[in-house]
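Visitor: One structure, pasted below without further comment.
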Amino acid sequence: MKTRHLYIFIGFLLVLASCGSEIDGDSGDNGLPEKGNFIYNSDVLYYDKPGGDEVHQDSFQGYMVYDGNKKSLAFKPFDGTDWQITIQNGLQIGADSVAWQIDNQIVSLGGEDFTLEGLDVFSSNGQEYHLLKTQDSIFVKYRSYLLDNASPVNYTTANVKGEEF
C-alpha cells in the first residue's frame, strides 16, 4: 500500500512539474505570451478612403510585446500575422508610466505595405503621444493607409488596449 501511494505521489509531482511552463508563462513558441507581455483587444474601423464612409468594423485579440529599450511594440494576434511598430520620444510620467510617439512608418502585413501613424492618446505641453504605458496597461491609437484604387478599404483607425499578463 505504501508503494502504491509513493507511485501516485511521484506521478502527481511529474504532472505538476510538466505544467510549470504553462503556469509561469511560455516562451511564445506555441502562441502563448510570456509573463510581462500584454493581452490586447483592438477595435478597428475600416473606411473606403480617408474621411470617407465606414465599410466595416472588427475586433482583434492577441498579445503585445513591449520593449522600451529597443523602442518597439510587436503585435502578435491570436489569429493573424505578427507585425510591429517603432516608438520614439518617450516621456516619463511619474514613477510607473511612459508616453511614446509613433512616427509615420511603413508596416508590412499580409504582403501589403501600409503607412501607419499614431493618433493622440495623451498630450503634454502641446505634444501628442500615441502610446501610453502604465504600470499594468498599454493604450495605443493609430491610423493606417493603403492607397490602392482596387481595394474597397484604403483607410483604418484602431484603438488598442492591452493588460499585462
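Visitor: List the residues whose amide H sits under 5 Å from the amide H of TYR63, counting only those 5 or more places along or on another chain, with H placed 1.01 Å from N in the peptide plane.
Guide: Those qualifying (amide H under 5 Å, at least 5 residues apart or on another chain) are TYR40, LYS76, PHE78.
Visitor: First check a/c for segment 19-165, with a ≥ b ≥ c the square roots of the eigenvalues of its C-alpha gyration tensor; if it is under 1.5, answer rounded, and if not, answer prolate when a/b is larger than b/c or oblate otherwise.
Guide: Since a/c reaches 1.5 but b/c is at least a/b, the shape of segment 19-165 is classed as oblate.
Visitor: From the backbone phi of segment 34-50, what are the Karplus-calculated ³J(HN,Hα) couplings (6.51 cos²θ - 1.76 cosθ + 1.60, θ = phi - 60°) in whole Hz, Gly and Pro given as x?
Guide: So the J values, rounded to whole Hz, are 7, 4, x, 7, 10, 6, 10, 10, 10, 10, 10, 10, 10, 10, 5, 7, x.
Visitor: Looking at the square roots a ≥ b ≥ c of the eigenvalues of the Cα gyration tensor of segment 30-93, which shape do they give, rounded for a/c under 1.5, prolate if a/b is larger than b/c, or oblate?
Guide: Oblate, because a/c is 1.5 or more while a/b does not exceed b/c.
Visitor: Residues with amide H under 5 Å of ILE87's amide H, sequence separation 5 or more or different chain, H placed in the peptide plane at 1.01 Å from N; which?
Guide: Excluding prolines and chain starts, which carry no amide H, the hits are SER72, LEU73.
Visitor: For segment 104-121, take each phi angle, set θ = phi - 60°, evaluate the Karplus expression 6.51 cos²θ - 1.76 cosθ + 1.60, and give the result in whole Hz per residue in order, putting x for glycine and proline.
Guide: Rounded to whole hertz, the list is 4, 7, 9, 10, 9, 8, x, x, 10, 9, 10, 8, 10, 9, x, 10, 4, 10.
Visitor: Positive end of the dipole of segment 35-164, charges at C-beta (+1 Lys, Arg; -1 Asp, Glu), about the Cα centre: which of SER137, TYR47, VAL153 has its Cα farthest in that direction?
Guide: Going by the Cα projections, it comes out as SER137.
Visitor: I've got another one for you. Skipping prolines and chain starts, which residues have an amide H placed within reach, meaning under 5 Å, of the one on GLU128, given they are 5 or more residues away or on another chain?
Guide: Residues meeting the amide H criterion: none.
Visitor: For LYS35, go through the lysines and keep the ones whose alpha-carbon is under 20 Å away, minus same-chain ones fewer than eight residues off.
Guide: LYS70, LYS71, LYS76, LYS133, LYS161
Values quoted throughout were computed directly from the atomic coordinates according to the rules given, and no laboratory measurement underlies them. Quick caveat, the model's predicted, so the values are computed rather than measured. Here the Cβ is made from the backbone with ideal geometry for all residues, glycine too, and neighbour counts use every protein chain on show.
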